[in-house]
Amino acid sequence: MLGWALYYHFSTTKVPAGMSESLKVRFLHIALVMVFGLDYICWKMGLCHRLAIVRLAVDGIPPLDDPRVSIKNDFFEGVPVRIYQPKRPSTGLQRGILFFHGGCGLFGSIVAYERLCRYIARESDSVLLSVGYHLAPENPYPSQHNECLDVAVNFMKNSEKYGVDPARIILYGDSFGSTLTAYICQELKSRTDLPKVRAQILLYPLLQGVDCNLPSYQQNCFFPILTRVQVIKFVTLYFETPTSVIDIAISGNLFPESIQMKYREQLRSDLIPPEFQTRNYPAVPTSPKYNIFSLLRELQNRKLSPLLAEESFFKGLPEAFILTCEYDVLRDDGLLYKKRLEDNGVLVTWYHVEEGFHASPAMLHHWLITFSHCKRAMDSVVNYIKGL
């Protein structure tokens with residue numbers, strides 16, 4: 001397994017010359033390749049569900065108790081949540097943070113982000129609610145969006161029960177969690193039955209699924225951790241879609257049903273002579289989710305591509321903090337969203353991590369895989385929150 005992981009790493013990825021901590025980046029990627037490889041083998045052998053080993057590895061070893069933070073598990077609208085509250089005395093209602101974790105909607109959890117959530121709640125002196133939305137493909141899209149929206153509405157209606165000022169509720173997303181955050185902010189901005197979201201925090205956000213050839217995709221297409229090919233693979237896993245046009249064609253869904261109906265008369269199987277139909281053959285799955293046109297349409301949906309929403313969805317959005325990483329294929333999603341927000345009069349604070357790569361700031365306090373820029377990046381988030 002190690003030999004294969006080393007071969008895969010050095011044959012498919014490139015680490016820029018002169019990058020500090022490049023050996024640690026390589027170590028992390030090789031470890032991840034081994035985890036994903038082991039997961040795939042065990043799944044093919046029927047030993048576990050797909051991504052079970054990946055999810056276990058990403059969760060890691062839980063940290064020791066932190067006497068400075070009170071932690072409580074609960075359920076909002078049937079969704080597990082974990083509430084972090086600093087133990088230091090508070091003179092009044094505090095800021096509230098709704099945190100949506102990353103992981104492409106496929107992995108990641110409350111447990112995986114335990115260290116980060118403790119740090120943010122403690123250092124910013126805020127009540128933080130981490131949302132454990134159910135993962136795909138077991139829970140198909142768009143259940144993640146619907147669950148997180150329901151949790152946000154519930155929390156905003158009942159924030160004072162948790163010592164949170166309803167006028168100071170912040171939505172905070174990490175990677176795919178930023179997709180959820182941007183979408184929910186767009187959904188809630190016109191609601192008159194809820195308090196206004198105070199701010200949105202988007203870390204290395206995934207905000208569109210249409211263009212994989214932006215400069216950041218081209219510059220970082222072979223950078224370890226999240227290559228351009230891996231982004232596409234995760235999308236196909238998220239939608240539980242065949243991974244190639246060949247697979248889609250074999251499933252009988254290369255064309256949408258409207259086009260298939262147009263030629264149905266000419267392609268009727270009952271017109272084939274009976275002697276050629278006697279041999280049994282397996283049924284072909286015809287689920288519409290395998291339709292390439294349906295997939296492309298969904299990738300343009302505002303749920304997955306809030307960057308592509310109409311202008312009306314940007315007017316009146318809460319102010320934003322956007323963090324981008326130089327060695328991240330998703331860097332330009334954040335930069336383009338920043339531009340669209342600013343063009344619509346939304347105040348944006350931007351922090352760029354020159355040595356950062358996708359998800360690296362979230363590795364704060366993760367022992368061997370913590371990088372020197374992690375604390376600076378996360379402190380920029382904390383300082384922004386403390387200013388709200």
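Readers should treat all values here as calculations from the given coordinates under stated rules, not as data from a laboratory. What you are looking at is a predicted structure, and each value in this text was computed from that prediction instead of being measured. Counting neighbours? That spans all protein chains shown, and the Cβs are built from the backbone with ideal geometry, glycine included.
Please list, ordered by chain and number, the residues whose modelled amide H lies under 5 Å from the amide H of Val164; skip anything fewer than 5 residues away on the same chain.
Gln94
What residues qualify as long-range amide H neighbours of Ser70, i.e. H under 5 Å apart, gap of 5 or more or another chain, H built at 1.01 Å from N?
Gln85, Lys87
Give, as a single signed number, the net charge of other residues whose beta carbon lies under 11 Å from the beta carbon of Arg302, with Lys and Arg counted +1 and Asp and Glu -1.
Net local charge, Arg302 excluded: -2.
Given H placed on each backbone N at 1.01 Å, which residues far from Gly132 in sequence or on other chains put an amide H within less than 5 Å of it?
Amide H to amide H, under 5 Å and 5 or more residues apart or across chains, Gly132 pairs with Val81, Arg82.
If I build a Gaussian network model for the chain, linking alpha-carbon pairs within less than 10 angstrom, which residue out of Ser90, Ser258, Ser190 has the largest mean-square fluctuation?
Ser258
Give the percent of DSSP beta bridges with both residues in the chain that are antiparallel, rounded to the nearest 5.
30
Which helices, counted as full DSSP H runs in the chain, have an axial Cα extent of no less than 30 Å and a Kyte-Doolittle average of 0.5 or above?
22-44
With +1 on the Cβ of every Lys and Arg and -1 on the Cβ of every Asp and Glu, and nothing else charged, how large is the dipole of the chain about its Cα centre, in debye rounded to the nearest 20?
460
Which of the aspartates and glutamates could a cross-linker bridge to Lys189, judged by Cα under 15 Å and excluding same-chain residues fewer than eight apart?
Leaving aside aspartates and glutamates fewer than 8 places away in the same chain, those within reach of Lys189 are Asp150, Glu310, Glu311, Glu319.
Among Asn73, Gly96, Leu32, whose Cα projects farthest towards the positive end of the dipole of the range 1-137, with charges put on the beta-carbon of Lys, Arg (+1) and Asp, Glu (-1)?
Towards the positive end, the residue furthest out is Leu32.
Given Cβ point charges of +1 (Lys, Arg) and -1 (Asp, Glu) and nothing else, what value in debye, to the nearest 20, does the dipole of the range 60-200 about its Cα centre take?
Its charge dipole is roughly 520 debye.
Just how large is the dipole of the range 40-104 about the Cα centre, in debye to the nearest 20, putting +1 at every Lys and Arg Cβ and -1 at every Asp and Glu Cβ?
The dipole magnitude comes to about 100 debye.
Filter the cross-link list Lys87/Lys375; Lys315/Lys339; Lys339/Lys375; Lys24/Lys375; Lys24/Lys44 down to pairs whose alpha-carbon distance in this structure exceeds 20 Å.
Lys87/Lys375; Lys339/Lys375; Lys24/Lys44
Only Cα pairs within less than 10 Å get springs; with that Gaussian network setup on the chain, which residue of Leu129, Leu267, Leu368 has the largest fluctuation?
Highest fluctuation of the listed residues: Leu267.
Gaussian network model of the chain, Cα springs within a sub-10 Å range: biggest mean-square fluctuation belongs to which of Leu203, Leu106, Leu56?
Leu56
Output ³J(HN,Hα) for the range 74-81: one whole-Hz value per residue in order, computed from phi by the Karplus curve 6.51 cos²θ - 1.76 cosθ + 1.60 with θ = phi - 60°, and x for Gly and Pro.
8, 10, 10, 6, x, 9, x, 9
Tell me, what ³J(HN,Hα) does each residue in the range 198-214 have, in order and in whole Hz, if you take phi through Karplus 6.51 cos²θ - 1.76 cosθ + 1.60 with θ = phi - 60° and put x for Gly and Pro?
3J(HN,Hα) across the range 198-214, in whole Hz: 6, 6, 10, 10, 10, 9, 5, x, 9, 10, 7, x, 9, 10, 9, 10, 4.
Once phi is turned into ³J(HN,Hα) by the Karplus curve 6.51 cos²θ - 1.76 cosθ + 1.60 with θ = phi - 60°, what whole-Hz value does each residue of the range 308-313 show in order, with x for glycine and proline?
9, 5, 5, 3, 4, 7
Note down the nm distance, to one decimal, between modelled labels 7 Å out along Cα→Cβ at Ile232 and at Arg268.
Result: 4.0 nm between the two label points.
I'd like the distance separating the alpha-carbon centroids of the range 133-175 and the range 28-50, in whole Å.
Here the two parts' Cα centres lie 30 Å apart.
What 222 nm value per residue comes from the helices of the chain, counting each DSSP H run with n ≥ 4 as -39,500 (n - 2.57) and dividing by all residues, nearest 500 deg cm²/dmol?
-11000 deg cm²/dmol
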